[in-house]
Amino acid sequence: MQQYIGPEGILSKRGQYFYPCTSYFYRNPPQLVKGEMQYLYGHDGKCYTDFFAGVSVVASGHCNPEIAERTAEQLKTLQHTCTIYLTQPNVDLAERLAGVLPGKLSRTFFVNSGSEANEGALLLARLHTKRRGFIALEQGLHGRTYLTMSVTGLKMWRSDPQLAESGEDVTFIPRPYEPGLSKDEAARRSIGALKKVLEEKGHEIAAMIAEPIQGNGGMIVPPDWYFPEVKSLLEQYGILLIADEIQTGFGRTGRMFAMDLWGVEPDIVTMAKALGSGIPVAAFASTDEIAASFNKPSASTFGGNPVSSATALAVLDYIESHSLAERAERLGDLLKSGLQELAGRYPDMISEVRGAGLMIGVELCAEDSERGAVLVDDLLEEMKDRGFIIGKNGVGRNVLAFQPPLVITEDDIREMLSALSASLSSV
Ligand code: PMP
């Protein structure tokens, strides 16, 4: 039996060897040692039902045997070559992606992380349009690299505070959400700001980047008309729409991609997280015409390697053969109505329940987010002790985040709701 150093041992090593900025959830975090579909296990054998899936990463379940077997098989056969050599898993994967991506998006460039996918997409937009400017939504999150951090509206993720105020030519517009305004009013405000930017400097803008549903920003679902209108305004100025589907992609919202909810065909889609279900694989995709603008030889050392590609193919097979998108829609309705019922019982704590499919946020104390953030931390701790892992996000860190693996069951959801009800009455 393996000897575990336990949470204290891990925290002590992290304190000594990690960068001090490396954060973690929980006042008393567990040491996680094993995953089994929607369940995670601590070193003491305690089982946790995972309602966060590492921020939408593990859609098809932890260590899903059908996927892990194919990863292991590839790992033992041909582990690595980059795209300069001919191998089959990455072309099969690119072909599969072309089949599920919206509209005419049929070309894929493989990389290793969400940040890198967005970085590539932004560069591609500049190359294609020969323009420099970007538009991004306030409170969005697009990554950790310099360029992606520059288009990240959430201040807590912009490690360099000078970013976006200087070099990268980014204009932020309000997102389609504002406490105190209706969804339509907030979206109209956002569109108004977009029109103003377009009138002032539309012909200098290469692309607008947006998460279809803001994840870390607090699960912001725009009204159905919002992105169709954004797209048609951008088209009038030849500006590309980059959909950051890194949290929303691959069935989570009840559709393969969240933009499918509104029938919007972005010019570039970026993907990561759930695509590899834990194995690093990410990509950006576009049409033939846009892809042609990436005209310098460009290969990524790990991008499109056989192991990541074989895994992603297995993930897509699993999502399709188990109808996980449909499942997300059905179980999302169950989870959402259960959370709404709790909102009715705890109106002094729960301000709003929102989301699509199995990507749901519960905002606590919208009018006093500091109190909400403390409550969120209390609830996360309490729920963990009761055997449920849930997440948190939002500008004030006052939103409970529910993004379980899509293999979660109705029983798991009912048990979690009853634990949450008990936790709400005890905090
Ligand atoms: N975009 C979105 C919407 C994300 O949620 C994240 C990560 N949370 C990223 C980009 C960056 O992805 P990565 O951490 O893989 O670089």
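Worth a mention:
- Summing Cβ point charges (Lys, Arg +1; Asp, Glu -1) relative to the Cα centre of segment 178-273 gives a dipole of roughly 200 debye.
- Each of residue 371 and residue 414 was given a label point 7 Å from its Cα along the Cα-to-Cβ line. The distance between the two points is 3.4 nm.
- For the chain, the square roots of the Cα gyration tensor eigenvalues, ordered a ≥ b ≥ c, give a/c of at least 1.5 with a/b no greater than b/c, which places it in the oblate category.
- Three-way shape call for segment 272-367 based on the alpha-carbon gyration tensor, with the a/c threshold at 1.5: prolate
- Simple label model, 7 Å out from Cα along Cβ direction - residue 203 to residue 5, nm: 6.1
- Cα-centred dipole magnitude for the chain, charges only on beta-carbon of K, R (+1) and D, E (-1), debye, nearest 20: 820
- Extreme residue, positive dipole direction of the chain, given options 308, 16, 263 (C-beta unit charges): 16
- For residue 154, the residues whose amide H sits under 5 Å from its own are 139, 140, ignoring neighbours fewer than 5 places away on the same chain, with H placed 1.01 Å from N.
- Assigned charges on the beta-carbon of Lys, Arg, Asp, Glu; segment 1-86 dipole about Cα centre (debye): 280
- Proximity of backbone amide H atoms, modeled 1.01 Å from N, is registered between residue 110 and no other residue at under 5 Å, excluding neighbours fewer than 5 places apart on the same chain.
- Antiparallel bridge percentage (DSSP; both residues within segment 65-321; nearest 5): 40
- In order along segment 291-305, the Karplus-derived 3J(HN,Hα) couplings, from 6.51 cos²θ - 1.76 cosθ + 1.60 at θ = phi - 60°, round to 4, 5, 6, 7, 9, 9, x, 8, 10, 10, 3, 9, x, x, 5 Hz, and Gly and Pro are given as x.
- Computed from phi, the 3J(HN,Hα) profile of segment 23-32 under the Karplus parametrisation 6.51, -1.76, 1.60 (θ = phi - 60°) reads 8, 8, 7, 6, 6, 10, x, x, 8, 8 Hz, with x in place of Gly and Pro.
- When 329, 200, 415 are sorted by how many other C-beta atoms sit within 10 angstrom of their C-beta, beginning with the fewest, the order is 200, 415, 329.
- Rounded to the nearest 0.05, the FRET efficiency derived from the C-beta distance between residue 16 and residue 345 at R0 = 41 Å is 0.35.
- Residue-by-residue Karplus 3J(HN,Hα) for segment 33-41, coefficients 6.51, -1.76, 1.60, Hz, glycine and proline x: 10, 8, x, 9, 6, 8, 10, 10, 10
- Sequence-distant aspartates and glutamates (8 or more away, or on other chains) whose Cα lies within less than 12 Å of residue 201: 169
- The helix-based estimate of mean residue ellipticity at 222 nm for the chain, built from -39,500 (n - 2.57) per DSSP H run of four or more residues and divided by its residue count, is -12500 deg cm²/dmol to the nearest 500.
- Cross-link reach is defined here as a Cα-Cα straight distance under 18 Å, omitting same-chain residues fewer than 8 places apart; for residue 46 the lysines meeting it are 34, 384.
- The Cα atoms of segment 173-275 give a gyration tensor whose axes a ≥ b ≥ c have a/c of 1.5 or more with a/b no greater than b/c, which makes the shape oblate.
- Partner aspartates and glutamates for residue 155 [C-alpha distance under 15 Å; skip if fewer than 8 residues away on the same chain]: 138, 165
- Extension gain, residue 95 to residue 80, is 3.4 nm, computed as 0.36 nm per intervening residue step minus the present C-alpha separation.
- Distant-in-sequence amide H partners of residue 388 (H built 1.01 Å from N, under 5 Å): 49
- Part-to-part distance (alpha-carbon centres) for segment 211-241 and segment 108-131, which is given in Å: 18
- The label-point distance for residue 301 and residue 330, in a model that sets each label 7 Å from Cα toward Cβ, rounds to 4.5 nm.
Throughout, read-outs are computed from the coordinates displayed, never taken from laboratory work. The model shown is predicted, which means the values in this text are computed figures rather than measured ones. Backbone-built Cβ (ideal geometry, glycine too); neighbour counts: all protein chains shown.
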